[in-house]
Amino acid sequence: MEVLIYVAVGIAGVLAGALVTRMILSGQASKAEQEARARAEVILKEAEVKAEAIRQQKKLDAQTHFQEQKQKFEADILDRNQKLQANEQRVKQKEQSLNQKYEQVKREQSDIEKQQKKVEEQSRILHEKNEQLDNVLREQNQKLEKIAGMSQEEALNKLMDNLVNEARSKASSLIKEAEENARLTANKEAKRIVIQTIQRTAAEHAIENSVTVFNLENDEVKGRIIGREGRNIRALEAATGVEIIVDDTPEAIIISGFDPIRREIARISLHRLVADGRIHPARIEEVVAKTTKMLNEEIMEIGERTAIDLGIHGLHPDLIRMVGRMKYRSSYGQNLLQHSREVANMCATMAAELGLNAKLAKRAGLLHDIGKVVDNEPELPHAIIGMQIAERCKEHPDVVNAIGAHHEEIEMTALISPIIQACDAISGARPGARREIVETYIKRLKELEALPLSYPGVSKSFAIQAGRELRVVVEAEQVTDLDADKLAVDLSGRIQNEMQYPGQIKVTVIREKRAVAFAK
């Protein structure tokens, strides 16, 4: 019995302890929950404050970006408006020039009509004189028959001799007149065709160099390009075949080489390496290989686009590739592709004016300098090399001859060959086309203007019309009219003996006397 009481008391004690423990734990949990809620409210408030600050900062950044984009857009609009105004001004100037040339053509046509009327009048007079001569010869033959007592056969033979001589005389006169007219007409027609061909061809002025400048964002990139002990720059030079010059020029390095294609490969490769950030020899070789492949594809695309623009079809793939390579070649500072396109357009115009095959002429004009873009450097002239390449690609014989003969290395057998030669000279000789020619041109103009200044009484001299006319202004008190005539003759003689110039130079001496007074 006592054991049961003890057990009951023990169980009651255990239950009472458990109840007390639960009550204690429940109070502690409630207090921890309150503290957690308080901390959560503090954290939430701090997060809201930070979110509001971030929102305000983003709003400010968005407004700043909007203002920058707005200013950039307004600047672009202003630049485009200026370009449009410049283009409109050029169009107006060309329109005025065309109107002037149209008036000049009308005047020349009027002069030709007057000359034709004179020729017709002379022909009529000559016809009347020939009729009078025929009557005189007829009377002479009748008198000869009566006086000489010739037989009918002898008189007939004598009459035939007179008629033959008369016919020869008429034929000689007509042939001489026809030759003279043909010579005058041919000169005018040739000048008209050449001038019209030049006027109808729009060409750009371009000067190519043998170096390329690669701009950098900062000078720290130079050290990464050079690499440890220069290994990166050596790997780049070995892979591209150009010389990389890193000097004191701020934020720029120079790519030097005579091959423009290699310079372009080096420039694009450098751009990709700097943008990627990984610059080491293995990566350099990989990027150069990809760039070379990309540039070769671009060269083919340029050749195909050029052929399409000019309306030339059926070119051999090798010829298309060479046409594309022309973009990265230059001749005396003149871009070879622009020069070839210009020659092609002029050849087509001139051939059409002469009634020849314009398509063949344009084809030959585009391909006439392909010998300059071969992969190797043979010792043969570029015209012969281009002729051999065109012949290997099964081009038309006239095109092959025109390519080989445009510098007179071979005989011209095709009718379009002289056209290619003339248009090549026109494209290369215009002022501004080639660096050496324009420098020589400016030097010749300066020498021409300096020549009259050595004479006493000369105040000013001007070379105008691209050096085809020299105008000399003299002092009226020191130079008389007779002296002015003598000065013009002396200057023309000295120019002819001492200077080299194309065509002819007109010398004009201006002597003006002004008497000025003021009424007060």
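The values are calculated or read from the model by the stated rules, or taken from the named source; none is laboratory data. What you see is a predicted model, and the numbers here were worked out from it, not measured in a lab. All Cβ positions, glycine included, derive from the backbone under ideal geometry; neighbour counts span all protein chains shown. Surface accessibility is based on the protein's heavy atoms, side chains included, excluding ligands, DNA and RNA. Shrake-Rupley method; radii C 1.70, N 1.55, O 1.52, S 1.80 Å.
Table for the structure above
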read-out: For VAL507, distant residues with modelled amide H under 5 Å away; value: LEU470
read-out: Estimated FRET transfer efficiency when R0 is 30 angstrom, pair ILE245-ILE442 (beta carbons, to 0.05); value: 0.50
read-out: With every protein chain in place, the stretch 51-111: carbon and sulfur % of accessible area (1.4 Å); value: 52
read-out: Peptides ranked, highest mean first, by Cβ atoms within 10 Å: ranges 447-457, 47-57; value: 447-457, 47-57
read-out: Dipole of the stretch 267-390 [Lys/Arg +1, Asp/Glu -1 at C-beta], most positive-end residue of ALA351, PRO317, THR292; value: THR292
read-out: Charge context of HIS407, other residues only, Cβ under 13 angstrom, K/R +1, D/E -1; value: -4
read-out: Of all accessible heavy-atom area on the stretch 301-431, the percent that carbon and sulfur account for (1.4 Å); value: 51
read-out: Additional length obtainable on full extension of the chain from ALA47 to LEU78, 0.36 nm per residue less Cα span; value: 6.5 nm
read-out: Net charge of Cβ neighbours under 14 Å - reference GLU298; Lys, Arg +1; Asp, Glu -1; value: +3
read-out: Under 15 Å, Cβ to Cβ, from LEU84 - net charge with Lys/Arg +1 and Asp/Glu -1; value: +1
read-out: Cα shape, the stretch 237-298, gyration tensor, a/c 1.5 rule; value: oblate
read-out: Spatially proximal lysines relative to LYS372 (Cα-Cα < 20 Å; intrachain offsets below 8 disregarded); value: LYS327, LYS362, LYS394
read-out: Residue pairs, from the table LYS72/LYS222; LYS118/LYS506; LYS92/LYS446; LYS443/LYS506; LYS50/LYS70; LYS101/LYS446, whose Cα atoms sit over 21 Å apart; value: LYS72/LYS222; LYS118/LYS506; LYS92/LYS446; LYS50/LYS70; LYS101/LYS446
read-out: Extension gain, LYS143 back to GLU301 (0.36 nm per residue minus Cα-Cα distance, nm); value: 48.1 nm
read-out: By average C-beta atoms within 10 angstrom, highest first, the peptides 505-515, 383-393; value: 383-393, 505-515
read-out: Packing rank of 81-92, 395-406, 126-137, 360-371, where each peptide gets the mean count of other beta carbons within 10 Å, highest leading; value: 360-371, 395-406, 126-137, 81-92
read-out: Rh (Kirkwood; distinct C-alpha pairs) - the stretch 256-398, Å; value: 16.6
read-out: SER330 long-range amide H proximity, modeled H, under 5 Å; value: LEU336
